[in-house]
1. Which of the residues belonging to region 6-18 are surrounded by fewer than 21 Cβ atoms within 10 Å (Cβ to Cβ) and either small (Gly, Ala, Ser) or more than 30 Å from residue 135 (Cα to Cα) (or both)?
2. Would you confirm, using the coordinates I've provided, whether residue 197 is in contact with a Cys (Cβ under 9 Å, 6 or more places away or on another chain) and within 27 Å of residue 41 (Cα to Cα)?
3. Say whether the condition of being out of contact with any helix residue (DSSP H, G or I) (no Cβ under 8 Å at 6 or more places or on another chain), touching a residue at least 40 places away in the same chain (Cβ under 8 Å) and in a strand (DSSP E or B) is met by at least one residue in region 95-106.
4. Could you tell me how many of the residues in region 12-37 are under 21 Å from residue 181 (Cβ atoms) and either more than 20 Å from the chain's Cα centre (by Cα) or in contact (Cβ under 8 Å) with a residue 40 or more places away in the chain (or both)?
5. Residue check: is residue 21 open to solvent by 70 Å² or more (accessible area, probe 1.4 Å) and part of a loop (DSSP other than H, G, I, E, B)?
6. Being outside any strand (DSSP E or B), open to solvent by 30 Å² or more (accessible area, probe 1.4 Å) and under 26 Å from residue 35 (Cα atoms) is the filter here; which residues of region 125-141 pass it?
7. Quickly run through region 219-228 and pick out the residues that are open to solvent by less than 50 Å² (accessible area, probe 1.4 Å) and touching a helix residue (DSSP H, G or I) at 6+ places or on another chain (Cβ under 8 Å).
8. Considering only residues of region 176-188 that are open to solvent by less than 10 Å² (accessible area, probe 1.4 Å) and among the β-branched types (Val, Ile, Thr), which is nearest to residue 138 (Cα to Cα)?
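The values are calculated or read from the model by the stated rules, or taken from the named source; none is laboratory data. Because the structure is predicted, anything quoted here is derived from the model rather than measured. Note that we place each Cβ from the backbone using ideal geometry, even for glycine, and neighbour counts take in every protein chain shown. All accessible areas refer to the heavy atoms of the entire protein, side chains included, with ligands and DNA or RNA removed. Shrake-Rupley method; radii C 1.70, N 1.55, O 1.52, S 1.80 Å.
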Amino acid sequence: MRVHVVSDVHGNAKDLARAGDGADALVCLGDLVLFLDYADHSRGIFPELFGTENADLIVELRTARRFEEARELGRRLWAGVDRAAATEAAVRGQYAELFAAFPTPTYATYGNVDMPQLWREYAGPGTTVLDGERVEIGGRVFGFVGGGLRTPMRTPYEIDDEEYAAKVEALGEVDVLCSHIPPEVPELVYDTVARRFERGSRALLEAIRKTRPRYALFGHVHQPQAQRMRVGATECVNVGHFASTGRPWALEW
């Protein structure tokens with residue numbers, strides 16, 4: 001059995017269409033939407049609406065952790081614009097292309113920049129959307145936990161720690177624990193390029209220690225200090241920043 005796993009797709013529909021080649025199934029751990037490409041500030045919803053110069057500025061402010069100034073810039077730019085309608089229209093355009101690229105079968109959960117309310121509208125019959133749910137793939141039980149935790153970035157699908165922990169608890173024992181964000185381990189949550197700690201989940205870490213899945217798979221941190229490490233009996237793997245690599249991570253048994 002061979003399963004390919006991707007995360008942080010961020011608009012890379014071209015490579016996504018080939019991500020399932022040679023695999024029995026594709027697993028997607030979220031962040032399909034591209035709001036702003038930190039490597040190329042001309043790409044994404046934000047520069048499409050407000051131009052590359054404003055994208056340059058907001059990246060500079062966020063990278064310097066000047067979040068209040070970044071929010072104030074955002075408030076000025078969005079003034080007079082129907083933010084919800086403009087964002088949803090842009091996201092719908094991206095989702096139409098990205099969901100059409102998914103092979104059959106695909107098992108997917110949400111990232112922190114995704115809009116869950118739209119997923120079931122675009123997911124075809126070959127795509128199974130899971131969040132706080134389990135599924136059997138090739139005789140192994142995969143559990144899925146979508147979204148991220150609250151941060152100053154205020155991305156679209158951030159939830160409270162308690163709600164997130166409840167979804168983790170609902171999975172019980174699984175062979176492969178799939179999430180968008182990593183467990184709260186310093187080496188797994190530190191981004192070496194952004195030079196900051198992203199939010200990881202203590203509930204995921206506790207579940208790993210308690211239930212001992214074979215694998216814990218995740219993304220979210222684009223340039224982690226450690227891409228792979230063992231926590232007890234569990235192999236914890238950041239499957240990579242698919243938007244930039246275009247390559248899935250492979251799990252075989």
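1. From region 6-18, those surrounded by fewer than 21 Cβ atoms within 10 Å (Cβ to Cβ) are 11, 13-15, 17-18; that's our starting set.
Of everything in region 6-18, those that are surrounded by fewer than 21 Cβ atoms within 10 Å (Cβ to Cβ) and either small (Gly, Ala, Ser) or more than 30 Å from residue 135 (Cα to Cα) (or both) turn out to be 11, 13, 17.
2. Numbers: in contact with a Cys (Cβ under 9 Å, 6 or more places away or on another chain): no; within 27 Å of residue 41 (Cα to Cα): yes.
Against the criterion (in contact with a Cys (Cβ under 9 Å, 6 or more places away or on another chain) and within 27 Å of residue 41 (Cα to Cα)), residue 197 does not qualify.
3. yes
4. Of all residues in region 12-37, those under 21 Å from residue 181 (Cβ atoms) come to 12, 16, 19, 26-37.
After this cut, where a residue has to be either more than 20 Å from the chain's Cα centre (by Cα) or in contact (Cβ under 8 Å) with a residue 40 or more places away in the chain (or both) as well, the list is 12, 16, 19, 26-35, 37.
The total comes to 14.
5. Values: open to solvent by 70 Å² or more (accessible area, probe 1.4 Å): yes; part of a loop (DSSP other than H, G, I, E, B): yes.
Criteria met by residue 21.
6. 131
7. Taking region 219-228 as the starting set, the residues that turn out to be open to solvent by less than 50 Å² (accessible area, probe 1.4 Å) are 219-221, 224, 226.
Within region 219-228, 219, 221, 224, 226 qualify.
8. Only one residue fits best here, namely 176.
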